[in-house]
1. Pull out all pairs, ordered by first then second residue, where Cβ-Cβ is under 6 Å, the residues are six or more apart or on different chains, the first lies in segment 117-140 and is under 11 Å from residue 87 (Cα atoms), and the second is not charged (D, E, K, R).
2. Of all the residues that make up segment 55-67, how many are closer than 15 Å to residue 103 by Cα and in a loop (DSSP other than H, G, I, E, B)?
3. Evaluate the following for residue 116: is it surrounded by fewer than 14 Cβ atoms within 10 Å (Cβ to Cβ) and modelled with pLDDT of 85 or more?
4. Return yes or no: is residue 85 modelled with pLDDT under 85, more than 21 Å from residue 104 (Cβ to Cβ) and either surrounded by 13 or more Cβ atoms within 10 Å (Cβ to Cβ) or not charged (D, E, K, R) (or both)?
5. Tell me which residues, restricted to segment 19-48, are more than 17 Å from the chain's Cα centre (by Cα), within 22 Å of residue 71 (Cβ to Cβ) and in a helix (DSSP H, G or I).
6. Mind checking whether some residue in segment 121-142 is in a loop (DSSP other than H, G, I, E, B), at pLDDT below 80 and surrounded by 14 or more Cβ atoms within 10 Å (Cβ to Cβ)?
7. Considering segment 47-85 alone, what residues qualify as being polar (S, T, N, Q) and within 15 Å of residue 23 (Cα to Cα)?
8. Give just the number: which of (1) within 28 Å of residue 129 (Cα to Cα); (2) modelled with pLDDT under 90; (3) hydroxyl-bearing (Ser, Thr, Tyr) does residue 99 not satisfy?
Amino acid sequence: MKNGKLRYRRTGNRNLILGSIIATFIAATPYFFYLYESVPDQKTWETFLFTYNSRFYGGIDIVAWTLAGKLIPLFLLFIWFFTCRHWWYHVLIVPIAMYIFQILTVINDDIQYIDSNQIFYLIPIMIFIIPSIYLLRARIFNQLNTVDKSLQDLEDEFKISPKGIKDKMKDYF
């Protein structure tokens, strides 16, 4: 019995530490967003790691501002995806894919229009995600109509058991 309590205490402490780290990162996202202000206002930025030449944008600061506007919501969506226990959390893959595509579009300097025609690239993802979410919803409501369970009981039944981020990543890759 003592060993079981010790294991629970270690797991509880680990979850508390991980939750505190995630909450700190979420609270710090406004500061992460404004990191773009530390990027120089010029067309070429040379560092000891890389040299970046902005051909399409007016300056590197505009590229950094645009990327910050895409990376912060993507970061928050990833946190939501990996911590969500609801049955519908796979639908978050659609906006995640959209933001990843937008980031790739921003990085590609030869693109003329940012945020255009991306729906065509998201269609294959949406073709898989939307029907699977709808079928899961239909299954829930079918059980709701045939069984004396509340919607909350059914949602709890379809919730994914708590896993760490590492275990969730193993499920997908």
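The values are calculated or read from the model by the stated rules, or taken from the named source; none is laboratory data. For clarity, every value in this text was computed on a predicted model and none was experimentally measured. Reconstructed Cβ throughout: ideal geometry from the backbone, glycine too, with neighbour counts over all protein chains shown.
1. Once the first residue is under 11 Å from residue 87 (Cα atoms) and sits in segment 117-140, its partners that are not charged (D, E, K, R) give 133/88; 133/91; 136/87; 140/154.
2. Final tally of qualifying residues: 2.
3. So residue 116 does not fit the description; no.
4. yes
5. 31, 34, 35, 36, 37, 38
6. No, every residue in segment 121-142 fails to be in a loop (DSSP other than H, G, I, E, B), at pLDDT below 80 and surrounded by 14 or more Cβ atoms within 10 Å (Cβ to Cβ).
7. 83
8. (2)
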